[in-house]
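Notes follow the structure.
The values are calculated or read from the model by the stated rules, or taken from the named source; none is laboratory data. Predicted, not measured: the structure shown is a model, and the values here were computed from it. Heads up, the Cβs are rebuilt from the backbone with ideal geometry, glycines too, and the neighbour counts pull from every protein chain shown.
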Amino acid sequence: MLRVARWYLSRLSKATYSTTAGAPIVPTDPAEYCRELVRKHDYESFLISKFWPASLQDSYFAIKAFSTELAMVQDNVSVATLGAVRMQFWRDAVRDIYAGRPPRHPIALALHGATQRASLPAYHLKRIVDARDEELRTVAYPTSEALVAHAEGVASSVLYLLLALRGLGASESLAHAASHLGTAQTLATLLWSLPHHASHRRLPLPLDICARHGVQQEDVFRHGGAAAGIDAAVYDTAVLANDHLLTAREVFNASGERVPAAAMPIFLAGVPVASFLGQLERANFNGFARSLVMRDWRLSWRIWSGYYRRKF
């Protein structure tokens with residue numbers, strides 16, 4: 001297995017990439033690679049990109065593609081060892097990006113370009129890698145607090161990088177709002193992906209909430225939305241997500257001001273969260289409802305409206 005892991009790492013570091021099948025190329029356009037990855041796998045962030053200044057969009061997509069790539073590792077590897085190897089590749093890539101020698105991977109090249117255009121703390125990139133690496137070894141989150149800590153690593157860290165990209169990284173109030181928004185994002189994402197996780201025999205809801213309502217993991221894996229107590233557990237998790245979303249909003253409401261115009265593209269991430277939580281409520285907190293897989297056709301308008309009202 002160790003020999004396989006070393007071979008895989010060697011192949012990964014030397015690979016060429018393409019956004020079109022049958023046309024392997026050296027990644028001469030990392031920006032387009034990142035843009036297409038986000039469009040395909042994180043459409044909400046793709047919609048939000050329209051509200052970023054043109055001069056920062058390549059860097060925005062580099063950060064979001066990095067986050068997306070790492071988030072997909074769990075489902076893209078069949079052997080845990082290979083997942084760990086991929087995480088080590090990205091851990092080394094972050095080190096090499098800041099040393100001025102990025103590996104020949106389009107996301108790494110795009111991130112290197114982003115670090116040349118803005119002061120992006122390497123700490124946050126490393127934290128994302130570490131959080132996703134830990135995720136590979138996490139069977140379940142024992143408490144709500146453990147899940148919130150995970151959210152800080154995988155989602156809030158992305159928002160901190162985006163604040164830095166806009167030159168707003170020194171603002172404690174914006175960082176505080178971003179911390180809570182990132183938690184709300186992660187919780188909403190886990191709720192949305194509950195059927196997918198259950199089909200892979202994973203239960204992403206905190207075990208303390210599940211225990212409160214008598215939820216049995218095997219029951220969820222076998223019966224999905226018909227499992228005893230699952231709707232109540234979904235409700236409690238959704239309330240937790242909404243509480244963090246409201247706390248993020250309150251940072252601005254408390255001062256009677258709207259979100260600063262420069263920060264609004266970052267906090268637009270709250271719009272899809274609010275949209276999904278509304279869909280979940282209309283489905284009576286049935287996390288397995290088919291209506292939840294339907295994309296909100298009004299989301300583009302909601303994002304546009306939020307941007308111009310400077311609210312999320």
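Of note:
- Restricting region 265-297 to residues that are closer than 24 Å to Gly182 by Cβ and of a type in the set (Gly, Ala, Ser) leaves a set whose member that is surrounded by the fewest Cβ atoms within 10 Å (Cβ to Cβ) is Gly278.
- Check on Arg212, at pLDDT below 95 and assigned by TED's automatic domain parsing to the domain that holds Val148: no
- Any hit, region 235-251, residues being modelled with pLDDT of 95 or more, under 27 Å from Val158 (Cβ atoms), touching a Phe, Trp or Tyr at 6+ places or on another chain (Cβ under 9 Å) and not in a helix (DSSP H, G or I): no
- Residue selected from region 192-249 under the condition among the β-branched types (Val, Ile, Thr) and crowded, with 18+ Cβ neighbours inside 10 Å, by the criterion nearest to Val271 (Cα to Cα): Thr237
- Boolean, Ala110 is in contact (Cβ under 8 Å) with a residue 60 or more places away in the chain, under 20 Å from the mean Cα position of the chain (by Cα) and under 26 Å from Leu168 (Cα atoms): yes
- Failed item in (1) at pLDDT 95 or above; (2) part of a loop (DSSP other than H, G, I, E, B), with Arg202 passing the rest: (1)
- Residue in region 160-173 that is under 16 Å from the mean Cα position of the chain (by Cα), part of a helix (DSSP H, G or I) and either more than 21 Å from Leu120 (Cβ to Cβ) or in the same structural domain as Asp58 (by TED's automatic domain parsing) (or both) present: no
- When Gly225, Gly214 are checked against the criterion of being assigned to a loop (DSSP other than H, G, I, E, B) and over 30 Å from Trp52 (Cα atoms), a single residue qualifies: Gly214.
- When region 253-274 is filtered for residues that are assigned to a helix (DSSP H, G or I) and at pLDDT below 95, only Asn253 remains.
- Here the condition is being under 18 Å from Ala114 (Cβ atoms), crowded, with 21+ Cβ neighbours inside 10 Å and within 14 Å of the chain's Cα centre (by Cα); of Ser45, Ser59, it holds for Ser45 alone.
- Scope region 44-58; condition touching a residue at least 12 places away in the same chain (Cβ under 8 Å) and under 19 Å from Gly182 (Cβ atoms); matching residues: Glu44, Ser45, Leu47, Ile48, Ser49, Phe51, Trp52
- Hey, Leu174 in contact with a Gly (Cβ under 8 Å, 6 or more places away or on another chain) and in contact (Cβ under 8 Å) with a residue 12 or more places away in the chain or not: no
- Residues being buried (at least 19 other Cβ atoms within 10 Å of the Cβ) and either touching a Leu at 6+ places or on another chain (Cβ under 8 Å) or at positive phi (or both) - total across region 252-264: 1
- Selection within region 275-297 - modelled with pLDDT of 95 or more and either part of a loop (DSSP other than H, G, I, E, B) or not assigned by TED's automatic domain parsing to the domain that holds Leu246 (or both): Ala283, Asn284, Phe285, Asn286, Gly287, Phe288, Ala289
- Scan of region 241-262 for residues that are in contact with a Ser or Thr (Cβ under 6 Å, 6 or more places away or on another chain) and either without any contact (Cβ under 8 Å) to a residue 40 or more places away in the chain or closer than 19 Å to Pro206 by Cβ (or both), ordered by number: His244
- Any chance Pro142 is assigned to a loop (DSSP other than H, G, I, E, B), of a type outside the set (D, E, K, R) and touching a residue at least 60 places away in the same chain (Cβ under 8 Å): yes
- Leading residue by the ranking (farthest from Ala164 (Cα to Cα)) among those in region 112-151 that are surrounded by 15 or more Cβ atoms within 10 Å (Cβ to Cβ) and in contact with a Phe, Trp or Tyr (Cβ under 6 Å, 6 or more places away or on another chain): Leu147
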